[in-house]
1. Just one of the numbered conditions (1) modelled with pLDDT under 90; (2) crowded, with 20+ Cβ neighbours inside 10 Å is not true of Q129; which one?
2. Evaluate the following for V160: is it over 28 Å from L46 (Cβ atoms) and at pLDDT 75 or above?
3. Evaluate the following for F175: is it open to solvent by less than 80 Å² (accessible area, probe 1.4 Å), over 13 Å from the mean Cα position of the chain (by Cα), aromatic (F, W, Y) and at pLDDT 75 or above?
4. Quick one: how many residues across region 107-134 are assigned to a loop (DSSP other than H, G, I, E, B) and small (G, A, S)?
5. Regarding L207, is this residue hydrophobic (A, V, I, L, M, F, W, C), at pLDDT below 90, part of a helix (DSSP H, G or I) and open to solvent by 30 Å² or more (accessible area, probe 1.4 Å)?
6. Restricting the first residue to region 20-31 and requiring it to be touching a residue at least 12 places away in the same chain (Cβ under 8 Å) and more than 15 Å from I211 (Cα to Cα), which pairs with a second residue that is open to solvent by less than 40 Å² (accessible area, probe 1.4 Å) and among the acidic types (D, E) meet a Cβ separation below 9 Å and a spacing of at least six or different chains?
7. For the condition open to solvent by less than 70 Å² (accessible area, probe 1.4 Å) and modelled with pLDDT of 85 or more, what is the one hit in L26, L14?
8. Can you pull out the residues in region 86-100 that are in a loop (DSSP other than H, G, I, E, B), at pLDDT 75 or above and farther than 16 Å from R192 by Cα?
Amino acid sequence: MSFSLKPKKTGKYLGLGIAAISAIFLFNPDIAIIDVLPDFIGYTLLAVSLRFARDLSPHFENALRKFRILAVMTFFKTLALLWVFGGLTSAQERPTMMLLLSFCFCLCELIWGIPAWRSLIEGFILHSQTSGGEYPLIEKGAKSYRPGKNISYSFRDFTVFFMIAKAFFSNIAEFAVLSNHSYDDTAFDWYRFIGLYRVVTLFVGSLIGIIWLIRAIIFFRGILRDS
């Protein structure tokens, strides 16, 4: 019997190429808890992409832990659809339940997601500073590094804005259901226009999401091509 001490092959990019693919599952806004491209797939891909890079920086390790939590949490968000639309809630309770679940899941996603993305990008910056990388340190719009706000911080700040906007546009239309619970019979029922509200919020949220998706792909591609 023989034992090989040869390290496991990790690939040219330590699996970080998967991170760019994950953005495809994260850019689209939700309609309450309805997610066409499940977020848990995107967060799972991010966690998988960091399984080797975690040893390069404590920032990557911290990001990995949070992305794992997000993957599990958003998986339960997908399962919540079975609860809401599977006959366990009545038709009268469904709109209120969708608002409640959507608000809770979005709040948790912000609590864990913003620090996770910050840690991930800080990890790229630290690794570039200590290992001779260039792309994460390039000033936005420049071809080489100059002191100032680099492209990594710019992407980090836009990612935070994107996550807040995504949560906002996923929930704002659902608050119209609260007009159904007014004790004043003369109160206007705004929920009758819920379809229109959802279309508008989905359109605006998709525009922001597409911009973030393009920037995410450019950012990860730049890191992968960094010599």
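The values are calculated or read from the model by the stated rules, or taken from the named source; none is laboratory data. Keep in mind the model is a prediction, meaning the values are calculated, not measured. In this analysis, Cβ positions are derived from the backbone assuming ideal geometry, glycine residues included, and neighbour counts consider all displayed protein chains. The accessibility values were calculated without ligands, DNA or RNA, using every heavy atom of the protein model including side chains. Shrake-Rupley method; radii C 1.70, N 1.55, O 1.52, S 1.80 Å.
1. Among (1) modelled with pLDDT under 90; (2) crowded, with 20+ Cβ neighbours inside 10 Å, the lone unmet condition for Q129 is (2).
2. On the way: over 28 Å from L46 (Cβ atoms): no; at pLDDT 75 or above: yes.
So V160 fails the test.
3. On the way: open to solvent by less than 80 Å² (accessible area, probe 1.4 Å): no; over 13 Å from the mean Cα position of the chain (by Cα): yes; aromatic (F, W, Y): yes; at pLDDT 75 or above: yes.
It is false that F175 is open to solvent by less than 80 Å² (accessible area, probe 1.4 Å), over 13 Å from the mean Cα position of the chain (by Cα), aromatic (F, W, Y) and at pLDDT 75 or above.
4. Residues of region 107-134 that are assigned to a loop (DSSP other than H, G, I, E, B), as a first pass: 132-134.
Add one more test, that the residue is small (G, A, S), and what stays is 132-133.
Summing the residues that are assigned to a loop (DSSP other than H, G, I, E, B) and small (G, A, S) in region 107-134 gives 2.
5. Values: hydrophobic (A, V, I, L, M, F, W, C): yes; at pLDDT below 90: no; part of a helix (DSSP H, G or I): yes; open to solvent by 30 Å² or more (accessible area, probe 1.4 Å): yes.
No; evaluated as a whole, the condition is false for this residue.
6. D30/D39; I31/E174
7. Values: L14 fails: modelled with pLDDT of 85 or more.
Selected residue: L26, the only one of L26, L14 that is open to solvent by less than 70 Å² (accessible area, probe 1.4 Å) and modelled with pLDDT of 85 or more.
8. Going through region 86-100, the residues in a loop (DSSP other than H, G, I, E, B) turn out to be 86-93.
Filter again for at pLDDT 75 or above, leaving 86, 92-93.
Across region 86-100, the qualifying residue is only G86.
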